[in-house]
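We did not get these values from a lab; they are worked out from the coordinates using the rules stated. Every value quoted in this text rests on a predicted model; they were computed, and no experiment measured them. A quick note on method: Cβ atoms are made from the backbone with ideal geometry, for glycine too, and the neighbour counts reach across all protein chains shown.
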Amino acid sequence: MNEILKFDNVKYFYQTKDDEICALDNISFNVNEEEFVSIVGPSGCGKTTILSLIAGLLKPSSGEVILDGSNKIDTKKIGYMFQRDMLFEWRSVWKNITLGLELQKGNRDEKLAFAEELLKKYSLYNFKNKKPRSLSGGMRQRVALIRTLVLEPKLLLLDEPFSALDFQTRLNLCDDVYEIIKSEKKTAILVTHDISEAISMSDKIIVLSSRPAHVKDEIKLDLKGTTPLKKREDSSFSGYFEKIWRELTNEEKSENG
Amino acid sequence: MKKKAKTVNFSLSHKKYVKKLRQDKFIVIFFRIFVLVAFLGLWELLTYTKVLDPFFVSSPSRIIAQLGDMIASGTLFHHTWVTLYETLIGFLIATVLGYLIAVLLWWNEKVRRIFEPYIVVLNSLPKIALGPVIILWVGSGTNAIVLMCVLICIVITTMTMLSAFINCDEGKILLLKSMNANKFQILWKLVLPSSMKDFISVLKINVGMSFVGSIMGEYLTSKAGLGYLIVYGGQIFKIDLVMSATFVLCILAFAMYSLVSLLERVYKK
């Protein structure tokens, strides 16, 4: 499989008036096409910083981020999905999902047709002209995902997109999002601190240490099941959970000790 | 969207609840009107029985007679139009200009930081203090009055809009940035539409403020207008005239406020 993303000894420093904070310390990993990779780590360790670097919103202090063979990040190849759905309340669902297209120049007809098709496929077509406030939390995140997919990104960045939802909705939406991402054949990077969510969705998990973050472990997963919910039933699930749990708690102990 | 009347038979408690809602609404409207009628009635009664001297406090009947005279002679329309014209021009200039300045200050953070203290000072300065200077600069009459009106409204417009722009959801800005939006697109697609609510409240504030401006301007320098009538009436001890002009002002301000409310309702749809 082709490599789509590579972090090569990436360091990142945040500048403040009195201090220079090292957020990332020599991070290296890679992501292949159509792979689902999760990044877990103690809170505040710099997970979101990694996504911002991939999205080109930040530049590495040293080292290289190589996206699709180039160290110049082309934001068109990236789709970013946030913790909150970030839907624009004054726009209809349709106007929300075509927001990204409005920002682009050139012919949009083909992409508009694609947007319509996605709405139909993921059963949101009836809500096309509704305002976001009449949608449930899970539906809103699905709209947010479609808004991202319409731009046909090569790589999806998911920044804890489920954490603002209640547990039931969360499990269902995990299944939905997983299915959508797999059927659209997308590569995705998920940042989360929910270990079981990471295990149930990913092909690979990258465990980060606390700040300054370095890669503590890279775990390849092979669980049976076609959906995240089914994967939770796999016998090796709890083993993985314990392993990652221990790695993260050790991390917190050493941080406190 | 109007909800269709449902023909479902609700429980008795629901019927009671709806009845109570209706009753409450009726009580509020009834007493609203009652307060007005009682106030006018008492006023009329006290002046009619000479408990209060109508020379100093006027009376509803005298105000009606005064308004009747002025309508017959056509002066009421003239004075009302002059004030309305000044107020509307001042209102429009201040709102548009104040809005544009807010956009400019949002656009460039350095410029914003440079001008911040000046805006704060301008905001707390009583604009009436500039009266004599204004007359010297733009002459007496309409120009001075409109300028006074603009000065009073513009600073608050800029300050309110700027803070609305700055408080725009950072996450949504990040989303647009991740979609490769430029600064103009962030302004146009996000910052301006998301601040529409604040813009409507600015309009509401400015309705009141622009009347303050035009009446104050007319106090300073004028040959016509409701403010002129009030000052003139006060000078010749004709309180009927003062009260009549004030009454018309109330109606104008209420009408303008209603227009803005209408705009708000249209926008919310």
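Brief remarks follow.
- Prolate/oblate/rounded label for the range A:20-164 (Cα gyration tensor, a/c 1.5): prolate
- Too-long pairs where the Cα-Cα distance tops 21 Å, listed order kept, from A:120/A:224; A:76/A:111; A:72/A:95: A:120/A:224; A:72/A:95
- Beta-bridge orientation, the protein assembly as shown: approximately 55 percent antiparallel, per DSSP, counting only bridges with both partners inside.
- From least to most packed, judged by other beta carbons within 10 angstrom and beginning with the fewest, B:220, A:24, B:52 follow the order B:52, B:220, A:24.
- Oblate is the label for the range B:214-262, because a/c, from the alpha-carbon gyration tensor with a ≥ b ≥ c as root eigenvalues, is 1.5 or above and a/b does not exceed b/c.
- Rounded FRET efficiency, nearest 0.05, which uses the C-beta distance separating residue B:237 from residue B:109 and R0 of 56 Å: 0.50
- D_trans [Stokes-Einstein, Kirkwood Rh over alpha-carbon pairs] for the range A:45-95, 37 °C, 0.692 mPa s, µm² s⁻¹: 254
- When the range A:119-244 is described by a simple charge dipole with +1 on each Lys and Arg Cβ and -1 on each Asp and Glu Cβ, the residue from A:238, A:171, A:125 located farthest towards its positive end is A:125.
- Between the range B:114-168 and the range A:192-217, the alpha-carbon center distance in angstrom: 56
- Extending 7 Å from the Cα toward the beta-carbon at both residue A:172 and residue A:16 defines two label points whose distance is 4.2 nm.
- Over chain B, dividing the summed -39,500 (n - 2.57) contributions of all DSSP H runs of at least 4 residues by the number of residues returns a 222 nm mean residue ellipticity of -27000 deg cm²/dmol.
- For chain B, built as a Gaussian network whose Cα springs stay under 10 Å, the top-fluctuating residue of B:34, B:254, B:199: B:34
- Rg/Rg_ref, the range A:90-129, where Rg_ref = 2.2 N^0.38 Å and atoms are Cα: 1.14
- Base-10 log of normalised Debye intensity for the range B:12-52 (one unit scatterer per alpha-carbon) at q = 0.16, 0.20, 0.24, 0.31 Å⁻¹: -0.55, -0.65, -0.75, -0.90
- Under the span-like rule (Cα at least 30 Å along the axis, Kyte-Doolittle mean at least -1.0), DSSP H helices of chain B: B:12-48, B:75-107, B:142-166, B:196-220, B:239-268
- Footprinting exposure proxy for B:51, A:65 (fewest neighbouring C-beta atoms within 10 Å first): B:51, A:65
- Translational diffusion of the range A:140-257, µm² s⁻¹ [Kirkwood Rh, Cα pairs; Stokes-Einstein; 10 °C; 1.306 mPa s]: 104
- Fluctuation leader among B:201, B:59, B:73 - chain B, Gaussian network, Cα springs under 10 angstrom: B:73
- Extension gain (nm, one decimal) between residue A:154 and residue A:114, 0.36 nm per residue minus Cα-Cα: 12.8 nm
- In range of the label at residue B:56: residues from the range B:232-250 whose backbone nitrogen is under 14 Å from the point 7 Å along Cα→Cβ: B:239
- Length, then width, then depth: along the principal axes, the Cα atoms of the range A:1-94 run 43, 42, 26 Å.
- In units of the compact-protein estimate 2.2 N^0.38 Å, the range A:3-256 shows a Cα radius of gyration of 1.02.
- Contact order, relative form, for chain B: 25 percent (alpha carbon pairs under 8 Å, 6 or more residues apart, mean separation divided by residue count).
- D (Stokes-Einstein, µm²/s), Kirkwood Cα radius, the protein assembly as shown, 0.890 mPa s at 25 °C: 85
- Rotationally averaged projected area of the range B:122-269 (alpha carbon convex hull; nm²): 11.3
- Exposure proxy shown here: for A:80, B:48, B:228, the number of other Cβ atoms within 10 Å sets the order, fewest to most, as B:48, B:228, A:80.
- For chain B: rounded, prolate or oblate by the Cα gyration tensor [a/c cutoff 1.5]: oblate
- Hydrodynamic radius (Kirkwood) for the range B:88-150, which is based on Cα pairs only, to one decimal in Å: 13.1
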